[in-house]
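Have a look at the structure below before the remarks.
The values are calculated or read from the model by the stated rules, or taken from the named source; none is laboratory data. Quick caveat: nothing in here was measured; it's all calculated off a predicted structure. Here the Cβ is made from the backbone with ideal geometry for all residues, glycine too, and neighbour counts use every protein chain on show.
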Amino acid sequence: MTITRTSDGRKSDPRLKVVDEIATTHLFDIAVDLDPRLNIGDGPFGKRILFGAAGGSFEGPELRGEVLPGGGDWALFRSDGGMSVDVRLTLRTHDGALVYMSYGGRWIVPAELREDIADPVKSRQVDPARYYFRTTPMFETGAKQYAWLNDIVCVGSGYLIEGGVAYQVSRVI
């Protein structure tokens, strides 16, 4: 069934309701330092590269701390030039709590920017507004003071930085 809106804005399927638009609020900014890449190679779904996490930091209004070494992005470079993100990180808050952060996402770089993005110097100079780098972070923790993280959904906007990658992470409210 095709869903259309009537002249007064209602949806033609009476089961559907108009709900508030999705809104977000800033959760934190995170910088992830990366180890040298490990090229796993061309497989049946594309080229798999591991960008290992060497450390980093995060800071926002409700929490801050460090990115622990040992996580990483098991990125899949697709034949169409896009990249699928598959990241797992461990965060340690300023007060010692451990938080598991995982996210998927997409990094889509227009063909005319791919040569510059592949260059270690030029890549950090490309305006992030010229490519699409979005993620969907989720969290797990046993720390009581951060248990609220277990129940939220987030979105992130990524960009390249010296030595790694950074994201602005927002909580969907």
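In this structure, is VAL18 crowded, with 16+ Cβ neighbours inside 10 Å and either at negative phi or within 14 Å of the chain's Cα centre (by Cα) (or both)? So VAL18 does not fit the description; no. Scan the range 75-101 for residues that are more than 22 Å from PRO128 (Cβ to Cβ) and modelled with pLDDT of 95 or more and the total you get is 12.
Here is a yes/no grid of residues against (1) touching a helix residue (DSSP H, G or I) at 6+ places or on another chain (Cβ under 7 Å); (2) within 21 Å of PRO69 (Cα to Cα); (3) in a helix (DSSP H, G or I):
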position: ARG106; (1), (2), (3): no, no, no
position: ARG124; (1), (2), (3): no, no, yes
position: TRP148; (1), (2), (3): no, no, yes
position: ALA166; (1), (2), (3): no, yes, no
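When ARG124, ARG114, ARG106, ARG48 are checked against the criterion of being touching a Lys or Arg at 6+ places or on another chain (Cβ under 7 Å) and of a type in the set (Lys, Arg), ARG106 stands alone in meeting it. Among the listed residues GLY46, GLY52, GLY56, which satisfies the condition of being buried (at least 16 other Cβ atoms within 10 Å of the Cβ) and either among the hydroxyl-bearing types (Ser, Thr, Tyr) or in contact (Cβ under 8 Å) with a residue 60 or more places away in the chain (or both)? Result: GLY56 is the single residue among GLY46, GLY52, GLY56 that is buried (at least 16 other Cβ atoms within 10 Å of the Cβ) and either among the hydroxyl-bearing types (Ser, Thr, Tyr) or in contact (Cβ under 8 Å) with a residue 60 or more places away in the chain (or both).
If the condition is being out of contact with any Asp or Glu (no Cβ under 9 Å at 6 or more places or on another chain) and surrounded by fewer than 16 Cβ atoms within 10 Å (Cβ to Cβ), then the range 69-89 contributes GLY70, ARG78, SER79, ASP80, GLY81, GLY82.
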